[in-house]
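The values are calculated or read from the model by the stated rules, or taken from the named source; none is laboratory data. It should be emphasised that the depicted structure is a prediction, and the values quoted were computed from it without experimental measurement. Neighbour counts are summed over all protein chains in view; Cβ atoms, including those assigned to glycine, are modelled from backbone coordinates with ideal geometry.
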Amino acid sequence: MTSRLHTTAYLAAPALLATYGVVRLLDGQHGPGPGWTTGHLALLGSLLMFGVVMHGLYRAAAARGPVAPGVAFGAGLLGLGASLGQVGIDLYVGLRTVDSAGKDRLFEQIQSHPGVLPVFYTVLPLFFYVGLLGLAGVLAVRRLVPFRSPLLVLAATVLMAASLDLMPVGAALLALATAPLVVRRAAPVPVPA
């Protein structure tokens, strides 16, 4: 059902997301410095791997009809693009400033720029989670994953939206949501006698 790249991504995406969450918790200051940069690089890697995960989910779901998975995949890609842009800005700001006050000033300058809409930071990244939830839902309806998978994606989304401190828990829930596809990939194929 999945390629080796997809299997690796199913494992790496939530692991890197959890790494970001743990680094963020340990850093404490949430400002420029090694913790900020390390955490955001892990988040960048996680998002790139989640792009591969979404492609794998789309391929699995689209095999039985591409319309619903295509809409979910498109929404997910829109959110993924916004999230990648957001992380890029965060990395840029973290590398250009030396303290929290400087970080806040530069963020304010960037966000007040006419080309950077507030929706870019608030609404569009949510489409990433809507896409993941939609793909997991289609797969559950088509009995390719258990019905708990979309519920786990929803729970992860709600927890991480409630507090970024819950990022490691959300990452674990996302790993559990996609685990059935990894298990299916790893299952031995019967050899005809």
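Just to verify a result, which residue in segment 101-125, among those that are of a type in the set (A, V, I, L, M) and surrounded by fewer than 17 Cβ atoms within 10 Å (Cβ to Cβ), is modelled with the highest pLDDT? Only one residue tops the list, namely ALA101.
Name the residue, out of ALA42, ALA61, ALA13, ALA18, that is over 26 Å from VAL138 (Cα atoms) and crowded, with 17+ Cβ neighbours inside 10 Å. Explain how you work it out, then say what you get.
Numbers: ALA61 fails: over 26 Å from VAL138 (Cα atoms); ALA13 fails: over 26 Å from VAL138 (Cα atoms); ALA18 fails: over 26 Å from VAL138 (Cα atoms).
On inspection, the qualifying residue turns out to be ALA42.
Could we say that VAL138 is at pLDDT below 95 and either crowded, with 22+ Cβ neighbours inside 10 Å or aromatic (Phe, Trp, Tyr) (or both) here?
Numbers: at pLDDT below 95: no; either crowded, with 22+ Cβ neighbours inside 10 Å or aromatic (Phe, Trp, Tyr) (or both): yes.
Answer is no for this residue.
Out of curiosity, is GLY94 surrounded by fewer than 13 Cβ atoms within 10 Å (Cβ to Cβ), among the small types (Gly, Ala, Ser) and within 26 Å of LEU159 (Cα to Cα)?
Values: surrounded by fewer than 13 Cβ atoms within 10 Å (Cβ to Cβ): no; among the small types (Gly, Ala, Ser): yes; within 26 Å of LEU159 (Cα to Cα): yes.
No.
Is segment 40-57 home to any residue that is aromatic (Phe, Trp, Tyr), more than 11 Å from the chain's Cα centre (by Cα) and either more than 16 Å from PHE128 (Cβ to Cβ) or part of a helix (DSSP H, G or I) (or both)? Even if it seems obvious, please write down each step before you answer.
Keep residues of segment 40-57 that are aromatic (Phe, Trp, Tyr), which gives 50.
Going one step further and asking which of them are more than 11 Å from the chain's Cα centre (by Cα), we end up with none.
Within segment 40-57, none of the residues are aromatic (Phe, Trp, Tyr), more than 11 Å from the chain's Cα centre (by Cα) and either more than 16 Å from PHE128 (Cβ to Cβ) or part of a helix (DSSP H, G or I) (or both).
The set of residues in segment 139-158 that are in contact (Cβ under 8 Å) with a residue 24 or more places away in the chain and more than 19 Å from VAL183 (Cβ to Cβ) contains only THR157. Residues that are in contact (Cβ under 8 Å) with a residue 24 or more places away in the chain, among the β-branched types (Val, Ile, Thr) and farther than 21 Å from ALA172 by Cβ are absent from segment 52-68 altogether. Before we move on, is GLY76 under 24 Å from ALA42 (Cβ atoms) and in contact with a Pro (Cβ under 8 Å, 6 or more places away or on another chain)? No; evaluated as a whole, the condition is false for this residue. For beta carbons closer than 6 Å, sequence separation of 6+ or different chains, a first residue in segment 1-30 that is more than 20 Å from LEU144 (Cβ to Cβ) and a second that is among the hydroxyl-bearing types (Ser, Thr, Tyr) and surrounded by 22 or more Cβ atoms within 10 Å (Cβ to Cβ), the qualifying pairs are LEU16/SER46; LEU17/SER46. Scanning segment 142-176 for residues that are buried (at least 19 other Cβ atoms within 10 Å of the Cβ) and modelled with pLDDT under 95 yields LEU144, VAL145.
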